[in-house]
Amino acid sequence: MRKPRNLYRINQIAARFYEKKFWGITAVGKRARLYMSKRGVSEKVCRSNNLGLAIRRGNSFYQKIKNRPILLDLAFAVGLVVRKGNDIYDFYRDRIMIPIYDLDKHVVGFVGRSIDEGTRSKYINSLTSEIYSKGKCLFGIDKALDSPDSKKVLYMVEGIFDCFALQAMGKYNVVASNGTAVTKGHVLLMSRITNNVTLVFDGDKAGRNAMYKSLSLFLDRWISPKIVELPEGKDPDSVFLGETGYLINEVLDELAVPLIDRYVQRVFSEHDDSTLKGRVKIVRNIAPMLKYDLRVPGICSNMEMVNELLWGRRV
């Protein structure tokens, strides 16, 4: 088994290599910076996140390390280079390279965002390795750790560009799950910074369902998260970088409501509590949440609705 510090080292070497390509005066570097500018990501945000560029030529990073066997072995271990037959290629090509850091500010992996919108796979993540697992890493966790605002509230968004949008508003107390479902590993990471978490997911059915599914994971860590409900079909990237972005930024905290309140309201709205069948369905959906009431006092302002349904009285 390779020592983690050596795996961190090869990722750091790669991050610097890609970053030089991104800021280079070459045509490909200018193209990458223009793409990010069109997406509304400022130079300040690009630099603070150490963004890089994997050029289209298929083995530029391999060429850099091919005569250094130890580094080449490490590059294979973290998936920076891959072998196809007798040939060796860079895993990332023609992509914006976004380093993923851990709480100790080690580069544990990368997300490669395609510059060509016609590419089938817009995002490619690092392969699972001894130091990287998508379910145990959060983009922006390193900056959130340093942000004095994180103790007050830590925002969680789905996509990295959603994270960029909030960073553009001056909010670095934000992390991104990188498009994957919230996991126990994600919640554990956030709990090391604060118990005050607000989810800002996409304003569509999938985004809302993702928030509801994460509820028990947070409650298991004694965290009662809040949510900001975005307009239908909107995501943080489009909302916070839009014309009303600064206005929304001012009232973001005021828009947050307890997730469990919304969950209870949703269950009651989906079933008829005047019928036995409806009441049974409500109980089946809410019963698993009741065990958290004493462990996390005050988590649900609507719990009297549940008590009335179950016991015929309000408390």
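The values are calculated or read from the model by the stated rules, or taken from the named source; none is laboratory data. As the structure is a prediction and not an experimental result, all values here were calculated from the model. Cβ atoms come from the backbone with ideal geometry, glycine included; neighbour counts cover every protein chain shown.
Each row is one residue, and each column tells you yes or no for (1) within 19 Å of the chain's Cα centre (by Cα); (2) modelled with pLDDT under 70; (3) surrounded by fewer than 17 Cβ atoms within 10 Å (Cβ to Cβ); (4) in the same structural domain as Y155 (by TED's automatic domain parsing).
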position	(1), (2), (3), (4)
F218	yes, no, no, yes
W222	no, no, yes, yes
E243	no, yes, yes, yes
V251	no, yes, yes, yes
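Residue-wise test of (1) assigned by TED's automatic domain parsing to the domain that holds E117; (2) at pLDDT 95 or above; (3) farther than 19 Å from K134 by Cβ.
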{"site": "A27", "(1), (2), (3)": "yes, no, yes"}
{"site": "K38", "(1), (2), (3)": "yes, no, yes"}
{"site": "S42", "(1), (2), (3)": "yes, no, yes"}
{"site": "N49", "(1), (2), (3)": "yes, yes, no"}
{"site": "L53", "(1), (2), (3)": "yes, yes, yes"}
{"site": "V78", "(1), (2), (3)": "yes, yes, no"}
{"site": "D102", "(1), (2), (3)": "yes, yes, no"}
Q) Hey, does segment 180-202 have a residue that's in contact (Cβ under 8 Å) with a residue 24 or more places away in the chain, over 21 Å from K213 (Cα atoms) and of a type in the set (S, T, Y)? A) no
(Q) Testing T128 on (1) under 30 Å from S150 (Cα atoms); (2) outside any loop (DSSP other than H, G, I, E, B), one condition comes back false. Which one is that? (A) (2)
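Those residues that are among the aliphatic types (A, V, I, L, M) and either under 17 Å from the mean Cα position of the chain (by Cα) or assigned to a strand (DSSP E or B) (or both), I need them from segment 131-146; list them, please. Explain how you work it out, then say what you get.
Start the filter on segment 131-146 by keeping residues that are among the aliphatic types (A, V, I, L, M), which leaves 131, 138, 141, 144-145.
Once the filter is applied, which keeps residues that are among the aliphatic types (A, V, I, L, M) and either under 17 Å from the mean Cα position of the chain (by Cα) or assigned to a strand (DSSP E or B) (or both), segment 131-146 yields L138, I141, A144, L145.
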(Q) Within segment 73-129, take every residue that is touching a Ser or Thr at 6+ places or on another chain (Cβ under 6 Å) and among the basic types (K, R) and give me the one that is farthest from R2 (Cα to Cα). (A) K122
Q) Scanning for something on the phi > 0 side of the Ramachandran plot and in contact with a Ser or Thr (Cβ under 7 Å, 6 or more places away or on another chain), does segment 7-22 turn up at least one residue? A) no
(Q) Given the condition at pLDDT below 90, crowded, with 16+ Cβ neighbours inside 10 Å and aliphatic (A, V, I, L, M), answer yes or no: does some residue in segment 182-190 qualify? (A) no
**Q.** segment 37-49 residues that are at negative phi, paired with ones that are surrounded by 13 or more Cβ atoms within 10 Å (Cβ to Cβ) and among the aliphatic types (A, V, I, L, M) (beta carbon under 7 Å, 6 or more apart)
**A.** S42/A168; V45/A168; C46/M36; N49/I98
Q.
So, restricting to helices (runs of 4 or more DSSP H) that lie completely within segment 147-235, which ones have at least 1 residues that are out of contact with any strand residue (DSSP E or B) (no Cβ under 9 Å at 6 or more places or on another chain) and of a type in the set (S, T, Y)?
A. 205-219
